[in-house]
Amino acid sequence: MKRLCFLIAVTLLLSSLTAIVVPFSDVPVITDENMLGSFERITPEDGKGENLKTKAWLWQDGNDLVVYFEAEIDDTFQTSAAKMRDRSGDSSDYLRVQLITQPDSYFAYYFLCFPDGGLYDGTRGKTMSVDYSWDCGYSYTSNYTDTLWKLTVRIPLAELRFAKEPPYDWKIILGRYHYKKNEMFSSPYAVSSMGNDYFTTGTDIRLEHRVSRQLDIKFKPYLVRSYDLMTKSSSFDPDNLGLDISLNPSQHTRIKVSLNPDYSDAPPDYASDDYNQKDPPYYAENRYFFSEDIEAFVVNDDIFYSRNIAKPSLAFKATGSGKTTTWGVLGALDQKITDDGDVINNDDYFQLLSLRNDRAKLTWGSSLVSRINNGYYNQVALASVKSEFAKDWWAGGELAGSYHNQKASDPMWGYGADAYLSYQPQPFNTSLYFSHRSADYNPEAGYFYNPDQQSVTLNLMLQPPEKDSYLRSYTAALFGTYTRHKLSEEVHPLEYNTGFSSMLAFRPRINFTLMGLHSQQLDLFDDAHHTTQITLITAATLTNGIFMQGAVIAGSSLVYALSEVHDLLSFTGVVGGRIGRKMSYQLNVLHRHNGHEKLTLTQGLGDVLTLLDNSYQVINLRVSHSPSSKSLISTGCAMDTYERMDTKGWVRLFANVRYEFMPDSFIYLGASSRQTKYDDYRLDAPFADFVKNSATAYMKVALTL
């Protein structure tokens with residue numbers, strides 16, 4: 001034991017001696033002692049040095065960490081107009097700072113800086129994905145000539161989580177991206193395939209001066225006024241007022257309370273193809289309150305699907321972390337919504353409690369999810385564990401128990417269990433998954449519709465590192481999933497999906513993906529049907545920023561409404577890019593054709609009602625204009641031509657203006673309308689025969705005090 005303690009002490013001493021000691025100064029410090037360089041290429045992953053050199057210097061100015069870059073540039077340097085916060089800026093060159101303040105937690109703060117401005121920050125976790133919902137008050141100044149780009153970024157340390165007492169032993173990873181060449185350089189060399197070692201590979205830095213902490217409490221009251229453009233009326237009630245309160249009482253804790261939260265400024269959902277599905281459509285969360293800090297919770301959509309919370313009157317959230325532990329609490333009281341006396345949304349209370357512990361080879365966590373109302377109670381307890389028990393070998397599992405109690409019914413107990421084993425020696429990845437759900441498993445706060453089943457999944461994948469050649473990378477995969485339903489009954493209907501996928505990526509940005517799928521699917525009466533599909537996807541990004549993608553699906557599909565298999569032909573096209581420096585657009589078009597006849601019904605006076613359409617389109621268009629980093633104008637439409645009864649489809653139009661008149665204080669203006677089409681589309685009159693269903697304009701003012 002004494003020898004172990006001695007070795008640990010020596011290791012810590014050597015680490016502190018080799019770390020860069022960050023100078024404390026209110027003026028720039030440009031010396032060899034606080035400089036970082038030696039950027040190596042990680043895209044592709046060949047470790048080559050830079051032709052255009054990048055250097056960076058660090059110093060601490062009060063509560064800020066300052067990183068000053070000098071980057072050589074040439075005629076390949078790509079700029080773009082400044083964007084509003086968290087608007088993607090990957091169509092230009094950028095510099096990146098990843099600050100790791102808790103190395104044992106395998107967690108990094110992520111900051112991007114662009115030639116002409118725009119804030120894009122987030123957090124990177126053990127999955128290597130970046131969550132851009134986290135924001136802080138970082139800033140930077142940028143200027144460039146024909147040969148040199150100079151950039152100074154200031155990171156407010158008091159808003160981050162770290163040990164209370166100095167010295168602060170952290171790590172930092174710097175990066176530089178060249179857009180036209182699609183190259184990424186890193187100092188030091190760190191790639192996502194390293195797993196947890198990615199976070200320990202960073203350059204050691206030491207800050208010896210205390211970062212003073214303030215309570216950092218913010219009040220954001222807001223007022224919303226809406227106006228019905230059809231009835232030309234406006235009303236005022238308590239739903240038009242709200243208040244957000246956020247505070248950070250310690251280095252490790254963040255709290256946010258929202259009274260009568262309003263999401264009128266959340267981007268509208270895309271129109272989607274959801275007409276031949278067993279389960280209700282799934283929509284990704286687009287409300288900032290529920291997406292922010294979600295990585296602190298040990299949860300999945302099966303047991304907690306925040307879109308179940310339709311219109312909360314009160315929501316609160318608290319998250320915190322220690323050296324290796326992260327915890328989170330979230331609660332929301334939903335509002336009752338009625339339509340002509342019918343209740344379409346109950347005033348349920350949702351609550352989520354979570355605890356997670358991350359170590360080098362072991363991660364475990366637990367959560368408790370509740371959905372409660374008068375005479376109604378549903379709760380799910382979840383425990384999970386993941387371990388790298390040997391080199392490249394991973395094993396893990398989850399066990400969830402559900403309890404449901406409602407008036408006039410007997411309590412129900414159920415459980416769900418998952419286990420997996422994975423072997424990941426580069427460039428191979430092999431994984432085996434097992435899942436079981438009991439008949440009474442019922443997590444009603446989640447997106448879950450398939451109890452009483454058991455499934456096994458096997459995945460085999462080959463993914464060599466990217467190379468500096470015309471064929472940059474490729475992947476090949478085989479997969480299979482087998483699921484037995486109704487385990488509590490005598491007959492267990494079987495479903496399965498087996499297939500392959502392969503992807504080729506060519507220089508500079510051209511990809512081809514081919515996928516094949518053979519399935520046995522069950523219809524609504526549990527009869528089995530066989531389907532086969534082939535998918536070809538082609539994607540390309542041109543040097544001027546235009547992105548194009550096309551996907552074709554051909555084969556057969558089970559039509560649930562008919563309990564029959566019919567031919568399927570589907571085409572999806574996406575095109576997007578910039579118009580000038582400040583405007584961007586994206587157009588998505590889906591065409592789907594099923595090989596059955598249109599199912600119709602003729603009524604009394606010859607009215608033909610469509611019960612099941614066999615050919616339709618879904619179209620989404622969005623156009624955005626950013627006059628400056630403080631303002632954003634966006635407009636667009638969503639539509640489909642799926643025929644339902646006596647209608648021929650619908651169109652939704654929307655427009656929004658967002659202006660930041662003070663730091664973190666906004667004015668939002670918006671308008672939206674929805675029209676239903678009652679006659680066939682004609683090329684000579686594409687906008688004829690629409691009936692307006694709704695039209696609303698709104699204004700929202702949100703202040704930060």
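The values are calculated or read from the model by the stated rules, or taken from the named source; none is laboratory data. As the structure is a prediction and not an experimental result, all values here were calculated from the model. Neighbour counts are summed over all protein chains in view; Cβ atoms, including those assigned to glycine, are modelled from backbone coordinates with ideal geometry.
Got a number for residues in the range 651-692 being within 20 Å of Asn620 (Cα to Cα), surrounded by 14 or more Cβ atoms within 10 Å (Cβ to Cβ) and small (Gly, Ala, Ser)?
Summing the residues that are within 20 Å of Asn620 (Cα to Cα), surrounded by 14 or more Cβ atoms within 10 Å (Cβ to Cβ) and small (Gly, Ala, Ser) in the range 651-692 gives 5.
Can you pull out every residue in the range 617-637 that is surrounded by fewer than 19 Cβ atoms within 10 Å (Cβ to Cβ) and under 15 Å from Asn594 (Cα atoms)?
Once the filter is applied, which keeps residues that are surrounded by fewer than 19 Cβ atoms within 10 Å (Cβ to Cβ) and under 15 Å from Asn594 (Cα atoms), the range 617-637 yields only Gln617.
Those residues that are more than 19 Å from Arg225 (Cα to Cα) and of a type in the set (A, V, I, L, M), I need them from the range 641-684; list them, please.
Selection gives Met645, Val651, Leu653, Met662, Leu683.
Mind counting the residues in the range 125-148 that are crowded, with 16+ Cβ neighbours inside 10 Å, in a loop (DSSP other than H, G, I, E, B) and modelled with pLDDT of 90 or more?
Selection size over the range 125-148: 1.
Across the range 299-346, which residue is modelled with the lowest pLDDT among those that are within 21 Å of Tyr263 (Cα to Cα) and of a type in the set (Asp, Glu)?
That would be Asp339.
Just to check your reading of the model, which residue among Ala445, Ala439 is of a type in the set (A, V, I, L, M, F, W, C), exposed (fewer than 15 other Cβ atoms within 10 Å of the Cβ) and within 23 Å of Gly401 (Cα to Cα)?
Ala439
Restricting to the range 18-44, give me the number of residues that are crowded, with 19+ Cβ neighbours inside 10 Å and among the charged types (D, E, K, R).
Residues in the range 18-44 being crowded, with 19+ Cβ neighbours inside 10 Å and among the charged types (D, E, K, R): 1 in total.
Filter the range 402-416 down to residues that are in a strand (DSSP E or B) and more than 14 Å from Ala439 (Cβ to Cβ) and give me whichever is modelled with the highest pLDDT.
This residue is Tyr403.
Residues in the range 347-357 that are part of a strand (DSSP E or B) and either of a type outside the set (Phe, Trp, Tyr) or modelled with pLDDT under 90 (or both): how many?
Matching residues across the range 347-357 total 7.
Name the single residue that is farthest from Ala163 (Cα to Cα) among those in the range 246-262 being in contact with a helix residue (DSSP H, G or I) (Cβ under 8 Å, 6 or more places away or on another chain) and assigned to a strand (DSSP E or B).
Filtering first and then ranking leaves Ser258.
Just name the residue that is surrounded by the fewest Cβ atoms within 10 Å (Cβ to Cβ) out of those in the range 154-176 that are small (Gly, Ala, Ser) and at pLDDT below 95.
Ala163
How many residues are more than 26 Å from Lys218 (Cα to Cα), of a type outside the set (Ser, Thr, Tyr) and without any contact (Cβ under 8 Å) to a residue 40 or more places away in the chain when one looks only at the range 117-158?
Here the count works out to 1.
Which is in contact with a helix residue (DSSP H, G or I) (Cβ under 7 Å, 6 or more places away or on another chain), of a type in the set (D, E, K, R) and touching a residue at least 12 places away in the same chain (Cβ under 8 Å), of Asp46, Asp74, Asp64?
Asp64
Can you go through Leu112, Leu151, Leu95 and tell me which one is closer than 23 Å to Tyr659 by Cα, at pLDDT 85 or above, in a strand (DSSP E or B) and hydrophobic (A, V, I, L, M, F, W, C)?
Result: Leu112 is the single residue among Leu112, Leu151, Leu95 that is closer than 23 Å to Tyr659 by Cα, at pLDDT 85 or above, in a strand (DSSP E or B) and hydrophobic (A, V, I, L, M, F, W, C).
Of everything in the range 458-473, what is surrounded by 17 or more Cβ atoms within 10 Å (Cβ to Cβ) and not in a loop (DSSP other than H, G, I, E, B)? Give them in sequence order.
Arg472, Ser473
Can you name the strands (runs of 3 or more DSSP E) wholly within the range 154-224 that have at least 2 residues being small (Gly, Ala, Ser) and on the phi < 0 side of the Ramachandran plot?
Working: elements: 168-178, 183-187, 203-207.
Those strands (runs of 3 or more DSSP E) span 183-187.
Suppose the filter is charged (D, E, K, R) and at pLDDT 90 or above; does Arg581 pass it? Walk me through it before giving the result.
On the way: charged (D, E, K, R): yes; at pLDDT 90 or above: no.
It is false that Arg581 is charged (D, E, K, R) and at pLDDT 90 or above.
Could you tell me which residue of the range 474-517 is surrounded by the fewest Cβ atoms within 10 Å (Cβ to Cβ), considering only residues that are among the charged types (D, E, K, R) and closer than 20 Å to Ala439 by Cα?
Result: Glu490.
Filter the range 85-98 down to the residues that are over 14 Å from Thr141 (Cα atoms), touching a Leu at 6+ places or on another chain (Cβ under 8 Å) and either of a type in the set (Val, Ile, Thr) or buried (at least 21 other Cβ atoms within 10 Å of the Cβ) (or both) and list them by number.
Gly89, Val97, Gln98
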